1. Which whole-Hz couplings ³J(HN,Hα) result when phi for each residue of the stretch 113-118 is put into the Karplus expression 6.51 cos²θ - 1.76 cosθ + 1.60, θ = phi - 60°, listed in order with x for Gly and Pro?
2. Using +1 at the Cβ of each Lys and Arg and -1 at the Cβ of each Asp and Glu in the chain, identify which of 185, 155, 171 lies farthest towards the dipole's positive end.
3. Go through the stretch 50-65 residue by residue and turn each phi into a ³J(HN,Hα) via Karplus (6.51, -1.76, 1.60, θ = phi - 60°); whole Hz please, and just put x for glycine and proline.
4. Taking a ≥ b ≥ c as the square roots of the Cα gyration tensor eigenvalues, with a/c under 1.5 meaning rounded and otherwise prolate when a/b beats b/c, else oblate, which class fits the stretch 7-236?
5. Which one of 55, 102, 14 has its Cα pushed farthest toward the positive end of the charge dipole of the chain, where Lys and Arg give +1 and Asp and Glu give -1 at the Cβ?
6. Taking the Cα centre as origin and putting +1 on Lys and Arg beta-carbons and -1 on Asp and Glu beta-carbons, what dipole magnitude results for the chain, to the nearest 20 debye?
7. Residue 212 versus residue 197, label points 7 Å from Cα toward the beta carbon: distance in nm?
8. Quick one: if the Förster radius is 22 Å, what FRET efficiency do residue 204 and residue 167 give, using the C-beta to C-beta distance and rounding to 0.05?
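Nothing in this text is a laboratory measurement; each read-out follows from the coordinates by a stated rule. Values in this document were obtained by computation on a predicted structure and should not be read as measured data. Heads up, the Cβs are rebuilt from the backbone with ideal geometry, glycines too, and the neighbour counts pull from every protein chain shown.
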Amino acid sequence: MDIEGSVVVVTGGAVRLGRALALGLAKRGARLAIHYNSSAGPAQAVVSQIEQAGGEAFAVQADLSQPRQAPAVIQRSAERFGRVDGLSNSAAIFEPGNWSDTTEENWDKHFAVNLKSPFFLSQAFAEHVGRARRGHIVNIADWRGVRPGADHVAYTLTKAALVAMTKALALALAPNIQVNAVAPGLILPPPGKDREYLSELAKTVPAQRVGSSEEVTKTVIYLLESDFVTGDLIFVTGGQHL
Ligand SMILES: NC(=O)c1ccc[n+]([C@@H]2O[C@H](COP(=O)([O-])OP(=O)(O)OC[C@H]3O[C@@H](n4cnc5c(N)ncnc54)[C@H](OP(=O)(O)O)[C@@H]3O)[C@@H](O)[C@H]2O)c1
């Protein structure tokens, strides 16, 4: 796909990794639908930043803990730009919960935001693209999804299922829609933690350092530009998943 002039929906595009991804795509000439839930101000700031640089963007709100709201993100983006060419499912929650203290509420919320909504966003996207045009889906997974630990159980299971969904949809939506995933490692500190916390953890990473949002963005761009890679998962972890 030629990123210049394409229309890409980035869920969770107002803050952190999603924001970096949206700005990186806009820099390459993509037109952006910045999905947000609670971050209305930051979403508008991303839109303004893109517009000031001569690009095109708009902000679209949906609470993805209510998966019925998901398809409207694609529909409203298509109305705004006339078409949608790419979808990056980045919005997610990452809350603690081990095998004994995970509640049904914690489980259900992770599955709704991290898996069910990406599925119904993908379904709406595929319906919009149809069979005559090309399209790309890039899911933001996590290396934990393929190497589960004993912590963050619900989160980890949603990311494992997101990887499985990536492969299943790559088959279902071939040949005209490619579906891939990126599994970041230590990129940004989780809520309540600082860079110091990540630097400590980085000592256990083969690359001996924390990664950057730009490295994740470059990988997503590679996948969006590829015409032949599908059903793949690329680790951007410095070897942490090994
Ligand atoms: N940070 C890392 O180092 C790292 C490592 C591995 C994988 N990842 C993955 O990379 C992606 C981005 O990570 P991040 O750390 O930048 O995320 P984050 O800071 O936790 O941000 C979460 C994003 O998800 C959105 N979101 C949360 N609940 C939502 C809901 N109910 N409805 C709609 N949107 C909702 C938020 O939107 P609002 O702010 O608008 O509410 C926000 O944009 C995630 O998929 C994460 O699992 C990140």
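1. 6, 8, 10, 5, 5, x
2. Toward the positive end, the furthest listed residue is 171.
3. Calculated HN-Hα couplings, in order: 5, 5, 5, 8, x, x, 10, 7, 8, 9, 9, 9, 6, 8, 7, 6 Hz.
4. Numbers: a/c = 1.43, a/b = 1.29, b/c = 1.11.
Rounded, since a/c falls under 1.5.
5. 55
6. On the way: 23 positive and 23 negative charges, 70 e Å.
Charge dipole of the chain: 340 debye, to the nearest 20.
7. Those two pseudo-labels are separated by 2.3 nm.
8. On the way: r = 29 Å, r/R0 = 1.30.
Plugging the Cβ-Cβ distance into 1/(1 + (r/R0)^6) gives 0.15.
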